[in-house]
Amino acid sequence: MNIYLYDGTFKSLLDLINKLIELKIKPLDIKDKENFKPNILDNMIELELDMEFDISKIKVSKNIMKTIYYVYLSSDEHKELIIYYFLLNALKYQDKIFTMRNLKCVNSALKLAKRVSNECHKLKGFVRFKEINNHVLYAEIAPDSDVLELLSYHFAKRLANEYWLIKDVKRNMYSIYNTQKYYIVSGKNINLKDIEIKEEEKEVENLWMTFFKTIGIEARKNKRCQMNFMPKKYWKYIIEMEDAYEKGNNR
């Protein structure tokens with residue numbers, strides 16, 4: 001099976017797809033060569049790509065490009081092929097593509113983009129920063145989708161005058177913000193010393209927990225409704241839900 005490879009970056013993927021469309025090649029699959037494990041029957045193909053490829057060469061609207069980017073951030077194992085067929089049709093139909101849900105690639109792309117958007121929106125409210133060494137704010141997340149870039153853009157505006165770190169535990173990636181700009185780097189390329197939560201921060205956490213428990217009305221608790229707004233998969237990194245998460249895992 002012919003599998004076309006790219007280096008895992010969004011620009012590389014679009015460059016490859018653009019070349020495949022120009023050459024009128026319909027790939028059986030497209031994979032990130034850094035994470036793909038081929039089997040003995042796979043025929044891996046690497047086209048010569050342009051390191052300086054300009055995404056603006058692809059003549060589609062911002063809404064189409066945003067949809068493609070959000071699909072790229074998803075964890076779906078077929079996302080590259082979905083993007084290929086979505087873009088192939090988008091170049092022909094432009095923004096009319098959003099009304100063409102009868103096409104499998106369009107339906108899949110819009111669902112994935114919405115899933116990524118929804119997860120990012122939830123995490124904007126669920127991220128819990130703690131103050132660590134040298135007055136730096138630190139938070140951990142483990143999202144299904146690769147939304148670290150989107151969250152970084154949000155918090156660079158929300159916490160513009162603070163130094164902060166956000167770690168994507170699942171992907172071992174860090175976003176580091178220095179009050180001017182954020183940088184996203186692999187945990188393999190940085191050497192962080194042990195992160196210590198300040199004593200004052202622990203006091204604040206205890207106060208927040210007391211407040212959270214005090215305002216809760218036992219008779220009106222609705223766990224199903226709570227999980228709809230605050231999915232259980234995020235509880236591990238939410239201060240007020242840490243105890244509930246640990247109790248659930250110890251059963």
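We did not get these values from a lab; they are worked out from the coordinates using the rules stated. What you see is a predicted model, and the numbers here were worked out from it, not measured in a lab. Here Cβ is always computed from backbone atoms with ideal geometry, including for glycine, and neighbour counts include all displayed protein chains.
Here are a few things to note about the model shown:
- Estimated distance in nm for a label pair at residue 122 and residue 32, the labels positioned 7 Å out from Cα along Cα-to-Cβ: 2.0 nm
- Extension gain, residue 178 to residue 21: 0.36 nm times the residue separation minus the Cα-Cα distance gives 52.4 nm.
- The range 127-197 - charge dipole about Cα centre, Lys and Arg +1 at Cβ, Asp and Glu -1, debye rounded to 20: 100 debye
- Beyond 25 Å in Cα-Cα separation lie the following of the pairs 59/124; 37/233; 19/62; 26/57; 37/79: 59/124; 37/233.
- On the basis of the beta-carbon distance and an R0 of 45 Å, residue 92 and residue 134 show a calculated FRET efficiency of 0.25.
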